[in-house]
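Report on the following structure.
FYI, it's all coordinate maths here, none of it is from the lab. Quick caveat: nothing in here was measured; it's all calculated off a predicted structure. All Cβ positions, even for glycine, are placed from backbone atoms using ideal geometry, and neighbour counts span all protein chains on display.
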Amino acid sequence: MNIIEQARQAYSPQTSSLRIGRSAEHQLFSETTNRLRSAAAQLPKGFAAFAEAIHANRAIWTHFASQVADEENALSDDLRARIFYLSEFTAFHSRKVLKGEADIAPLIEINIAMMRGLSPKGGL
């Protein structure tokens, strides 16, 4: 592909639909979970990619924690507290995983549980 074709692609209108709400959150968790799995399978050689995947997962959970900490969030207080706790656990457990003191499986399981909760029918 030449430079002109690349420019056309870059500046052409996007045909993909914009994901909103729960669908976008589900997609984000799905991609991050797949990234965690893939990076974990490449260990010990791919530790940098593994650390980047863990960091991306923590960033998502930090974002969710900030969202549920907002008093104007429409979720119930109980659900907001649970999501905030999961964010704290994810940060704590991620540090242990990076040190080699814990397994990545709980982080993946938590993300899968979130995907089920975000799915319209409770599935993946």
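Can you compute the charge dipole magnitude of segment 24-124 about its Cα centre, using +1 on each Lys and Arg Cβ and -1 on each Asp and Glu Cβ, nothing else charged? Give it in debye, rounded to the nearest 20.
That gives segment 24-124 a dipole magnitude of about 500 debye.
How big is the Kirkwood radius of segment 45-95, worked out from every pair of different alpha carbons and given in Å to one decimal?
Hydrodynamic radius (Kirkwood, Cα pairs) of segment 45-95 is 11.7 Å.
Taking Rh as the Kirkwood radius computed over C-alpha pairs, what is the Stokes-Einstein D of segment 20-63 at 20 °C in a medium of viscosity 1.002 mPa s, expressed in µm² per second?
Translational diffusion coefficient: 199 µm²/s.
So what's Rg/Rh here for segment 74-123, counting alpha carbon atoms and using the Kirkwood radius for Rh?
A ratio of 1.06.
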